Amino acid sequence: MHTTTLLIPTADGRADAFAAFPDHDERHPGVLMYADGFGIRPVLRELARELAGHGYYVLVPNLFYRHGPAPVIELPDHIGEEDRPAVFARLMPLIEAHTTERVLRDAEAYLRFLTTRPEVSPGPVAVTGYCIGGLLAMRTAAAHPGQVAAVAGFHGPVGADEPDGTHRLLSGLTARVHLGHAETDMTPEALGRLNMALDTAGVDYTSEIYPGTVHGFTMADTDAFDPAALQLHWDRLIPLLDRTLTG
C-alpha cells in the first residue's frame, strides 16, 4: 500500500491532503473522500487505506486548509461525549466559514487534481464522505454530473429538508447514490421524504437507516462507533464503486 501527503492547488491557496493507493504499478479509479468535521486523523487515514486496498486511488483533502494544515485543531486520541463541547466550540467557526461557494470552488480543484494524478485511470470518479463530508460529497456530485459517477454519504446531514434546498442539491445529479443514515439522525418519516425527493429527481439510489446506530457510527475514535455498521458501510460502498467504476 502506498500512502503519501500532497498539496492541492486551489483558488484560495494550497490544501494539504492524504492519499492511499495500491502497491502494484497500475492506474486505479479515483475516489475523493471527504472527512467528517473532525478532519484528517488516524481513523480517516485507515478508512482511506482500507478503500485503497480494494483497488482505488483515494484522496482525502483537508477541508479546513484555509485555517492551517491538518490537524487544524488538537484532538484527543478518543473523542468521547465529554470532549465534544470543547471540540465543537473550536470546530464550528471553521465549519460555518466553509460556505457553499468555498465548497464548490474546492471541489473543482480537488477533482482536477485527482483526475490528473499519474496513478489514476482515465474516466469518471467517485466521491464519498462522512458526517458533513457526506453533504459535501453530494454537492460535489451534483456540481460535476459528467465527472462523478458514484457518490456515497454516511451519517451526513442530507435530507429532504436540507437547508440549501433539496431540489438544488439533487437537480442534475446523474451519479449512482448510496446514503447510509444513523438512526438518531433520520426518522422513518424523514427517510420517506428524502427517498421521495430522490425518486422525483430520477436518481439511481439506495438510501437507508442503519439499524441501532448513532451519528458518527463509522468513526472508531468516537463513542458513536459501531463495528457492525462500519462493515455494513463497506458492504454498500465497495459494490457501488466496483459496479460503477470497474464494472
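The values are calculated or read from the model by the stated rules, or taken from the named source; none is laboratory data. Predicted model only: the values in this text are computed from it and were never measured. FYI the Cβ positions are ideal-geometry reconstructions off the backbone, even for glycines, and counts take in every protein chain you see. Side chains are part of the model used for accessible areas, which takes the heavy atoms of the whole protein and leaves out ligands, DNA and RNA. Shrake-Rupley method; radii C 1.70, N 1.55, O 1.52, S 1.80 Å.
A few remarks follow.
- The range 40-87 - residue that is over 19 Å from residue 17 (Cβ atoms), in a loop (DSSP other than H, G, I, E, B) and touching a strand residue (DSSP E or B) at 6+ places or on another chain (Cβ under 8 Å) and, of those, most open to solvent (accessible area, probe 1.4 Å): 78
- The residue list 80, 53, 13, 30 contains one member that is on the phi > 0 side of the Ramachandran plot and among the small types (Gly, Ala, Ser), which is 13.
- In the range 1-34, residue most open to solvent (accessible area, probe 1.4 Å) [restricted to those that are hydrophobic (A, V, I, L, M, F, W, C), assigned to a strand (DSSP E or B) and in contact with a Lys or Arg (Cβ under 9 Å, 6 or more places away or on another chain)]: 7
- Within the span defined as the range 116-124, every residue fails to be open to solvent by 50 Å² or more (accessible area, probe 1.4 Å) and at pLDDT below 90.
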